[in-house]
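The values are calculated or read from the model by the stated rules, or taken from the named source; none is laboratory data. If you're wondering where the values come from, they're calculated on a predicted model, not measured in any experiment. When we count neighbours, we look across all protein chains shown, and the Cβ atoms used for this are built from the backbone with ideal geometry, even at glycine.
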Amino acid sequence: MGEAMQLHALVNLGVCVALVATTAGARAGFIADNRTPAATLGVAGAATTLLVVRMQLVYFEYGTYAAPVVRTVADLLGGA
């Protein structure tokens, strides 16, 4: 279970590195299309949301380790 969480966190880190690279490239003028940084921002947000929800549903299913609102959202999405 710990390895799965570490892998998920590394995937999020990679997505965030891609977000920084595309944002810096757009600001420097290397990327003319503004849709690329916007799409990368959306992927980073989705990956982070999946990590937080998965932490509440699978990784830390015993006890409360995050904010109570995260548990409420996880219960709504998980149907538990």
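Remarks
- Qualifying residue in region 33-46 (condition: exposed (fewer than 15 other Cβ atoms within 10 Å of the Cβ), at pLDDT below 90 and over 22 Å from A74 (Cα atoms)): yes
- Which numbered condition L19 misses (of (1) in contact with a Ser or Thr (Cβ under 6 Å, 6 or more places away or on another chain); (2) over 21 Å from V53 (Cβ atoms); (3) of a type outside the set (K, R)): (2)
- Being out of contact with any helix residue (DSSP H, G or I) (no Cβ under 7 Å at 6 or more places or on another chain) and among the β-branched types (V, I, T) is a property that V11 lacks.
- Residue within region 15-32 that is surrounded by 13 or more Cβ atoms within 10 Å (Cβ to Cβ), modelled with pLDDT under 90 and among the polar types (S, T, N, Q) present: no
- Criterion (in contact with a Leu (Cβ under 7 Å, 6 or more places away or on another chain) and touching a residue at least 12 places away in the same chain (Cβ under 8 Å)) met by exactly one of A44, A4: A44
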